[in-house]
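Asks: Sharing a structure with you now.
The values are calculated or read from the model by the stated rules, or taken from the named source; none is laboratory data. Bear in mind the structure is a predicted one, so any value in this text is a computation, not a measurement. Here Cβ is always computed from backbone atoms with ideal geometry, including for glycine, and neighbour counts include all displayed protein chains. Each accessible area value is taken on the protein alone, full model and side chains, heavy atoms only, with ligands, DNA and RNA left out. Shrake-Rupley method; radii C 1.70, N 1.55, O 1.52, S 1.80 Å.
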Amino acid sequence: MVAYALGCLLIIGALWLLAMATGWGLPYLLSVQGLEWFKANPWESAFVAGILLLLGLLLFVRPREGTDRAFLTSSKGGEVRISQDALQEIIARSAMVLTGVRQVQSSLRERETGLQIMVSCQFEQGVLIPQMSEELQAKVKQDVELYTGILVTEVKVLVRSLEKARSARVR
């Protein structure tokens with residue numbers, strides 16, 4: 001909300017400067033009158049400056065949204081929260097078990113019907129992409145549901161690149 005208000009203020013400020021730069025006299029006149037008012041009213045100016053300072057500090061102090069996302073599941077003893085990092089680790093380990101998968105990154109979206117997983121990966125050259133993608137989707141879905149109890153509605157796969165398989169060196 002604060003970022004939205006700050007964005008609106010920046011847009012208004014940019015339009016104000018654009019109007020002055022194109023020669024429109026009213027914004028310039030109002031700016032000069034506003035600066036004279038601030039000079040003539042030091043207490044009010046200090047109050048406005050304090051409010052602006054507090055709003056600016058609020059941008060730095062407020063907790064960041066989405067940094068510690070957790071996904072909720074339940075057990076016999078109550079609710080269980082599983083962090084996004086833990087889920088991504090489960091996804092990475094599940095995918096790396098499959099032969100032909102080189103690197104894995106994932107992102108998660110919580111939907112009303114369950115968890116949507118987007119897996120971005122790198123396969124070895126020579127791998128049949130449709131077959132490997134199906135195996136990857138099934139394995140990730142199975143492991144996440146097994147280890148967390150969270151229902152997975154969809155696993156999307158993005159194949160970023162293919163890499164030559166590294167051969168083992170023999171001496």
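Asks: In the set Gly56, Gly23, Gly13, which member is open to solvent by less than 70 Å² (accessible area, probe 1.4 Å), of a type outside the set (S, T, N, Q), more than 30 Å from Phe123 (Cβ to Cβ) and not in a helix (DSSP H, G or I)?
Replies: Sole residue among the options that is open to solvent by less than 70 Å² (accessible area, probe 1.4 Å), of a type outside the set (S, T, N, Q), more than 30 Å from Phe123 (Cβ to Cβ) and not in a helix (DSSP H, G or I): Gly23.
Asks: Of the residues that make up the range 70-88, is at least one closer than 30 Å to Glu163 by Cα, at pLDDT 90 or above and open to solvent by 100 Å² or more (accessible area, probe 1.4 Å)?
Replies: Within the range 70-88 (the criterion being closer than 30 Å to Glu163 by Cα, at pLDDT 90 or above and open to solvent by 100 Å² or more (accessible area, probe 1.4 Å)), the answer is yes, since at least one residue qualifies.
Asks: Quick one: is Val127 among the hydrophobic types (A, V, I, L, M, F, W, C) and assigned to a loop (DSSP other than H, G, I, E, B)?
Replies: yes
Asks: I need every pair where a residue in the range 30-50 that is closer than 27 Å to Ala19 by Cα has its Cβ under 6 Å from the Cβ of a residue that is among the hydrophobic types (A, V, I, L, M, F, W, C), sequence separation at least 6 or different chains.
Replies: Pairs that qualify, where the first residue is closer than 27 Å to Ala19 by Cα and the partner is among the hydrophobic types (A, V, I, L, M, F, W, C), are Ser45/Phe38.
Asks: Of the residues Val61, Val101, Val97, only one is at pLDDT 90 or above, of a type in the set (Val, Ile, Thr) and open to solvent by 90 Å² or more (accessible area, probe 1.4 Å); which?
Replies: That would be Val97, the only listed residue that is at pLDDT 90 or above, of a type in the set (Val, Ile, Thr) and open to solvent by 90 Å² or more (accessible area, probe 1.4 Å).
This table checks each residue for (1) basic (Lys, Arg); (2) part of a strand (DSSP E or B); (3) within 15 Å of the chain's Cα centre (by Cα).
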| site | (1), (2), (3) |
| --- | --- |
| Thr73 | no, yes, no |
| Gln88 | no, no, yes |
| Leu98 | no, no, no |
| Leu108 | no, yes, yes |
| Ile117 | no, yes, yes |
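Asks: Restricting to the range 112-135, name every residue that is closer than 28 Å to Arg69 by Cα and in contact with a strand residue (DSSP E or B) (Cβ under 6 Å, 6 or more places away or on another chain).
Replies: Matches in the range 112-135: Thr113, Gly114, Leu115, Gln116, Ile117, Met118, Val119, Ser120, Cys121, Gln122, Ser133.
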